[in-house]
Amino acid sequence: MARVAIVTGAGSGIGRAVALALREAGWSVALAGRNAATIEETARLAGGARMLAVPTDVTNPAAVDALFAQVAKTFGRLDLLFNNAGASAPAIPLDEIPVEKIWEIIDVNLTGSMLCARAALGMMRRQTPQGGRIINNGSVSAMLPRPMSAPYTASKHAITGLTKSLILDGRACNVAAGQIDIGNAATEMSGPMATGVLQADGSTSPEPRMDVAHVARSVVHMASLPLDANIPFMTIMATAMPLFGRG
């Protein structure tokens, strides 16, 4: 019987790449995202079979509950949540970022991830056989900030706290938790890195990027482990990106 995964932010970038890689590895995948057209396109790219597209705003508790209920109804259980949906902000001083934008980043990156983890933990704890795995998308910003990225960096540091708590609390119900911290995967979101982004010394320089397929394979590897083995934290990054030396 195929294992079942939920991937949030599955309509583009890392989420789409991971969803397609999981399907190729034999998983059934529920695709969550705010844009129905993009998650349906991900399902089409995978061939459609054993793919479930569920338009979902992860900041909305009722929408998250509906997503997990639909997965339970369609597939009967859940083996993996890849908590990937995220938002970022322009690189401008913190005092110039509208409060509404700060709320949006925290709501999507932290509250959305926590709501999905909450629902996944509950479903995994109550299903038979019990257990599953939660993988949070942290970002290398969970370790070191970029200039003028306080809301995003703070949200990703908080994801590390969420991951550590899930590792601890999941033990009692056979739920493993981990985090993948990604640096400069080549997606639409990281497009500006190819032309130049702000550096810690105030200069603007292009940064190396890596194929997003490397990230997808890494998530599939983390997900494929038996539940008595876990990768709590993995960092995958473009080798020559200026992460080390940034902090």
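Here, each number is a calculation from the coordinates, and none is a lab measurement. The model shown is predicted, which means the values in this text are computed figures rather than measured ones. Because the Cβ atoms are built from the backbone with ideal geometry, glycine has one as well, and the counts that use them run over all protein chains shown.
For the stretch 4-237, the spread of Cα positions along the three principal axes, ordered from largest to smallest, is 54, 37, 33 Å. By the rule of a C-alpha distance below 15 Å, with chain neighbours fewer than 8 residues away ignored, the aspartates and glutamates paired with K164 are D181. What is the local net charge at L198, summed over the other residues whose Cβ is closer than 11 Å to its Cβ (Lys, Arg +1; Asp, Glu -1)? After counting each charged neighbour, the total is -1.
When the Gaussian network model of the chain links Cα atoms closer than 10 Å, the mean-square fluctuations of I134, I92, I236 top out at I92.
In this Cβ point-charge picture (+1 for Lys and Arg, -1 for Asp and Glu), the stretch 39-169 has a dipole of about 660 debye about its Cα centre.
Computed from phi, the 3J(HN,Hα) profile of the stretch 167-183 under the Karplus parametrisation 6.51, -1.76, 1.60 (θ = phi - 60°) reads 4, 6, 6, x, 4, 5, 10, 6, 10, 8, 9, x, 9, 10, 9, 10, x Hz, with x in place of Gly and Pro. Size descriptors for the stretch 47-104 (Cα atoms only): Rg and Dmax, in that order, 16.4, 48 Å. Our estimate of slack between A49 and M241, defined as 0.36 nm per intervening residue step minus the Cα-Cα distance, is 65.4 nm.
Note down the net charge around E104, summing +1 for each Lys or Arg and -1 for each Asp or Glu among other residues with Cβ under 13 Å from its Cβ. Could you put the intermediate results ahead of the total?
Numbers: positive: R34, K101; negative: D57, E100, D107.
Residues near E104 contribute -1 overall.
Distances between placed amide hydrogens fall under 5 Å for I6 paired with A30, L80, L81, F82, all partners being 5 or more residues away or on another chain. Computed extension length for D95-A172: 23.4 nm, one decimal, from 0.36 nm per residue of separation with the Cα-Cα distance subtracted. Summing +1 for each Lys or Arg and -1 for each Asp or Glu among the other residues whose beta-carbon sits under 10 angstrom from that of A85 gives 0.
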